[in-house]
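Only one structure is covered here, and it is reproduced in the block below.
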Amino acid sequence: MPDENEQIDAVTRGLSNREVDGRTAKVATIDQVYATDIDDLWEAVATAERIPRWFLPISGELKQGGHYQLEGNAGGTITACDKPHSYAATWEFGGMVSWITVRLTPAGEGHTRFELEHVAHVDDALWEQFGPGATGLGWEMGLWGLVNHLADPTSTPADPAAAAAWAASPRGRAYLERSSEAWAEAAIAAGDDPEAARAAARRTYEAYTAES
């Protein structure tokens, strides 16, 4: 199993604002370079055969104009697809719609950069309470699953019970805590008040781990 601390340090996180439909939206980006070529990484992140091995079971038509559904999570419409470089989709969950874009770019021989951009209109009160980690930690766990899958591409579909057990373990909790702190630092770099950002990150960590 890859090392959790090395994984946290390998991830780059960013935050910015963008006008979408006449309103200011939050733009969160998360990216990592993987030791595989662009075609293999595309297969891992864009096909129904391999997505369940590191993320969640998925159904639907994974092509431009098609609708997808992640089991127990978001669904939406694939709005753009440029194999093996990028795809974009709506991210519809809990009655809210946001937007994701995945980009793959070569990063030296045998390496490829994965970048995910998530654009969302976020209620000010929710941002003040939890900050970017509210969704950022979910993507962190996704990238953790992806790095484990790429370390063993023949792995069986991800086991939600095993993932929950790992998240509740001392190693999992330490990973979530450090990841939450990293999102706080990204928020501070984007202009958020440091004390408020770190307090929001702590609340997010507690929410994910049911710690109080």
Subset of the range 94-112 [assigned to a loop (DSSP other than H, G, I, E, B), open to solvent by 70 Å² or more (accessible area, probe 1.4 Å) and more than 15 Å from A44 (Cα to Cα)]: G94, G95, E109
So, in the range 10-32, of the ones that are among the small types (G, A, S) and more than 15 Å from the chain's Cα centre (by Cα), which residue ends up least open to solvent (accessible area, probe 1.4 Å)? A25
Is one or more of the residues making up the range 107-126 closer than 22 Å to N148 by Cα and among the aromatic types (F, W, Y)? yes
Under the condition of being surrounded by 16 or more Cβ atoms within 10 Å (Cβ to Cβ) and polar (S, T, N, Q), which residue from the range 76-93 is farthest from the chain's Cα centre (by Cα)? T77
Selection count where residues are of a type in the set (G, A, S) and in contact with a Ser or Thr (Cβ under 7 Å, 6 or more places away or on another chain), scope the range 67-79: 1
Matching residues, the range 33-54, being open to solvent by 50 Å² or more (accessible area, probe 1.4 Å) and of a type outside the set (D, E, K, R): V33, A35, A48
Look at L116 and say whether it is surrounded by 17 or more Cβ atoms within 10 Å (Cβ to Cβ), under 27 Å from E185 (Cα atoms) and either touching a helix residue (DSSP H, G or I) at 6+ places or on another chain (Cβ under 8 Å) or among the hydrophobic types (A, V, I, L, M, F, W, C) (or both). yes
Kindly indicate the residue of the range 99-122 that is polar (S, T, N, Q) and in contact (Cβ under 8 Å) with a residue 40 or more places away in the chain and also farthest from K63 (Cα to Cα) among those meeting that condition. T112
Taking the condition open to solvent by 60 Å² or more (accessible area, probe 1.4 Å) and touching a residue at least 12 places away in the same chain (Cβ under 8 Å), does Q7 pass? no
Do we find that P153 is open to solvent by 20 Å² or more (accessible area, probe 1.4 Å) and over 19 Å from Y208 (Cα atoms) in this structure? yes
Sole residue being open to solvent by 60 Å² or more (accessible area, probe 1.4 Å), under 25 Å from R23 (Cα atoms) and of a type in the set (A, V, I, L, M), chosen from L126, L137: L126
Could you please find all residues in the range 162-212 being over 19 Å from T29 (Cβ atoms), touching a residue at least 40 places away in the same chain (Cβ under 8 Å) and aliphatic (A, V, I, L, M)? A167, A168, A174, A196, A207
Being open to solvent by less than 60 Å² (accessible area, probe 1.4 Å), in contact with a strand residue (DSSP E or B) (Cβ under 7 Å, 6 or more places away or on another chain) and farther than 17 Å from I51 by Cβ narrows A182, A174 down to just A182
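The values are calculated or read from the model by the stated rules, or taken from the named source; none is laboratory data. Not measured: the values here are computed from a predicted model. All Cβ positions, even for glycine, are placed from backbone atoms using ideal geometry, and neighbour counts span all protein chains on display. With ligands, DNA and RNA removed, areas are computed over all heavy atoms of the protein, side chains included. Shrake-Rupley method; radii C 1.70, N 1.55, O 1.52, S 1.80 Å.
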